[in-house]
Amino acid sequence: MNPISVRALLVRGMLAGLIAGALALVVAYFLGESQVDAAIALEEAHSHDHGGGEELVSRTMQATGGLATGVLVFGVAVGGIAALVFCYALGRIGDFGPRATAALIAGAALLTVYVVPFLKYPANPPAVGNPDTIGKRTTLFFLMVALSVLLAVAAVIIGKRLAPRLGNWNASIAVVAGFVLLIGLAYAFLPSFDEVGKDFPATLLWEFRLSTLAVQATLWSTFGIVFGILTERLLTPPARAAEPRTASAVG
């Protein structure tokens, strides 16, 4: 793939990431922020220290400008990274067209970057978690992300090498089983954190975690659809362009 195509795909990936981020922002605002507000209210109700200092950033700004900036920047960044992955993967992971490749990359990103780490270290709303362990929890979460991505890449490489001997179906089953086994071992050996207080509503916790999952699902599914359309238009030559010339030549 020449540098011009890579640059064009990178721009389209960032644009698709921006569009995906905008839709994810809507989901985050209408589904997630109400859960955050409820958790903050619960935290304040159980706090005995009401004499804290003034907020540096208001809750309104956090829920609007801060949320929009974070989600949109994240969308553009991951869109650019996914576009570079697409440039390498197209034609190397199977006989898939641009749309199918974009969908596979988006689905794999959702699974490896969010779902697998989420199952081990799920997101917590305010008032949940020990402040003393936040650094350790964050480090372990990103370690889980890195491990998940590396194992997924290794599974693809090993699967391609096994396919000529085992066939595509058997090779796919073997590498998926290996991926699940190694992730399960990571779940078993990495430390866990059970810091949800007994008085914290289980329904609120469940709804908050579902909302974070919905945000990520919206982001990656939208990116896969939009980026697939943009890449197909860029990389697939229009069939109609040759028709008028052929017709005129015949005439």
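You can think of it this way: the chain between LYS198 and LEU213 has 3.1 nm of extra reach, that is 0.36 nm per residue less the Cα-Cα gap. Sparsely packed loop sites in region 130-235 (the GluC sites (Glu not before Pro) outside DSSP H, G, I, E and B with at most 16 other Cβ atoms within 10 Å) comprise GLU195.
For the pair ALA146 and LEU18 in one chain, pulling the backbone fully straight at 0.36 nm per residue adds 43.7 nm over the alpha carbon distance. Across the protein chains, with a 1.4 Å probe defining accessible surface, the residues THR218, THR69 rank THR69, THR218 from largest area downward. With contacts taken as Cα pairs under 8 Å at a separation of at least 6 residues, region 65-196 carries a relative contact order of 22 percent. DSSP loop (so not H, G, I, E, B), at most 12 other Cβ within 10 Å: list which trypsin sites (Lys or Arg not before Pro) in region 71-126 pass both filters. Here the sparse-neighbourhood loop sites are ARG92. With a simple spin-label model that places each label point 7 Å from the Cα along the Cα-to-Cβ direction, the separation between ILE173 and ARG92 comes to 2.9 nm.
As a length-normalised measure over Cα pairs under 8 Å and 6 or more apart, the relative contact order of region 93-171 settles at 34 percent.
The values are calculated or read from the model by the stated rules, or taken from the named source; none is laboratory data. None of these values were measured; they are calculated from a predicted model. Cβ atoms come from the backbone with ideal geometry, glycine included; neighbour counts cover every protein chain shown. Each accessible area value is taken on the protein alone, full model and side chains, heavy atoms only, with ligands, DNA and RNA left out. Shrake-Rupley method; radii C 1.70, N 1.55, O 1.52, S 1.80 Å.
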